[in-house]
1. Within the set of pairs 6 or more residues apart or between chains, which connect a residue that is open to solvent by less than 10 Å² (accessible area, probe 1.4 Å) inside the range 141-170 to a residue that is away from the ligand (no atom under 16 Å from the Cβ) and among the basic types (K, R) with Cβ atoms less than 8 Å apart?
2. Could you please give the count of residues in the range 145-156 that are within 16 Å of the ligand (Cβ to nearest atom) and not in a loop (DSSP other than H, G, I, E, B)?
3. Just to check your reading of the model, which residue among N253, N286, N198, N242 is among the polar types (S, T, N, Q), surrounded by fewer than 18 Cβ atoms within 10 Å (Cβ to Cβ) and over 21 Å from A138 (Cα atoms)?
4. What number of residues within the range 157-168 are under 11 Å from the mean Cα position of the chain (by Cα), away from the ligand (no atom under 11 Å from the Cβ) and assigned to a loop (DSSP other than H, G, I, E, B)?
5. Just to be sure I understand the filter: pairs with C-beta atoms under 6 Å, separated by 6 or more residues or on different chains, first member in the range 222-242 and touching a residue at least 24 places away in the same chain (Cβ under 8 Å), second member of a type in the set (A, V, I, L, M, F, W, C). Which pairs pass?
6. Of the residues E65, E48, only one is closer than 19 Å to G156 by Cβ, open to solvent by 50 Å² or more (accessible area, probe 1.4 Å), more than 20 Å from the chain's Cα centre (by Cα) and in contact (Cβ under 8 Å) with a residue 60 or more places away in the chain; which?
7. Would you confirm whether any residue within the range 102-118 is part of a strand (DSSP E or B), more than 16 Å from the ligand (Cβ to nearest atom) and open to solvent by 10 Å² or more (accessible area, probe 1.4 Å)?
8. Determine which member of the set L307, L314, L326 is in contact with a Cys (Cβ under 6 Å, 6 or more places away or on another chain) and open to solvent by less than 10 Å² (accessible area, probe 1.4 Å).
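The values are calculated or read from the model by the stated rules, or taken from the named source; none is laboratory data. If you're wondering where the values come from, they're calculated on a predicted model, not measured in any experiment. Here the Cβ is made from the backbone with ideal geometry for all residues, glycine too, and neighbour counts use every protein chain on show. Ligands, DNA and RNA are excluded from the accessible area calculation, which covers all protein heavy atoms including side chains. Shrake-Rupley method; radii C 1.70, N 1.55, O 1.52, S 1.80 Å.
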Amino acid sequence: MKAVLDDRQRVHDPKMFMANGTRLPNPEQPERIEVLRAGAEAAGCKFEAPTDHGIGPIAALHSPEYLVFLETIHERWSRIEGASDEVIPNIHPDRRTASYPRSAVGQAGFHQADTSCPISAGTWEAAYWSAQTALSGADAVMAGDRAVYALSRPPGHHAFGDLAGGFCFLNNSAIAAEAFLKAGLRPAILDVDVHHGNGTQGIFYHRRDVLTVSIHADPIRFYPFFWGHADERGIGEGLGYNLNIPLPRGTDNAGYLDALGIALRRIQMFGADVIVLALGLDAHENDPFQGFKVTTDGFARIAEAILNLGTPTLIVQEGGYLQRDLGANLTSFLSGCQRA
Ligand SMILES: [Zn+2]
């Protein structure tokens, strides 16, 4: 199976985030790249570097104001006397107004939803190449590959058009889906990360040309809390084109596969001719976030069910954090893809 990876994704190295009011080491570490790469190679993947598609396909979904912010904020923030090394907001406007703050502190609050998306000197470069990795994966699918793995990192599915959050800056899966759409295809995004793909939902919520489906731990007591509930179905002409399947904490393989069947039926009835699979491996029983109890073998069965639809699939890496089974979970998933 073809796979895509760019080494420049390593230069984003976040140090901290806050959970329950406590400063903790940020789990979205560059070391994930080595572990995931080894896991994919163990499944027979051959990695290539992405090509540069420029800012165009990114700007199709992210506002220019936000992109300028991501590219320049660290340097501007660093000029504040006593500022931390990472841009972390200390103000969170709950209803953002039309007026745009001029100060670095105000803009950080405007564009960063939480404390788990700290911006350092390398963040823009890494996020840019993470998006290009997904776009090059999309190229390979359009060239005829049945399944392609894009090792995109930092992940993307919590990023809205003008808002970072949850370790995410640019929405790689959404950017790839938009590229498929522009090429005349009919894409569905299936998000199997244990967290709801709130940014992806937000980007396409008003639209009916991209179906968005997410299976995730019930946000009533889980990140991202404010999104991912079953009654969020889209709005305007997008009504009925977003499907959320929240499941109880601790859901196992059997419960997961039942939900997946519902998701795949929806994708079939949408008439999708390409799937963007937002692949989080954090549904695993040993993931530090402890949402679900999917096993390593369960990932192979999930992959087989998806690939058995026979629809060309771009697999974009989302979450899944350092723990002893992370690499094996990816090997299992990608092996399942190739068996289907
Ligand atoms: Zn996640």
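1. Going by the 8 Å Cβ cut-off, the qualifying pairs are V148/K2; Y149/K2; L151/R37.
2. Within the range 145-156, residues that are within 16 Å of the ligand (Cβ to nearest atom) and not in a loop (DSSP other than H, G, I, E, B) number 0.
3. N286
4. Count: 1.
5. Y241/L211
6. After ruling out the rest, the residue left standing is E65.
7. no
8. Criteria check complete, one pass: L307.
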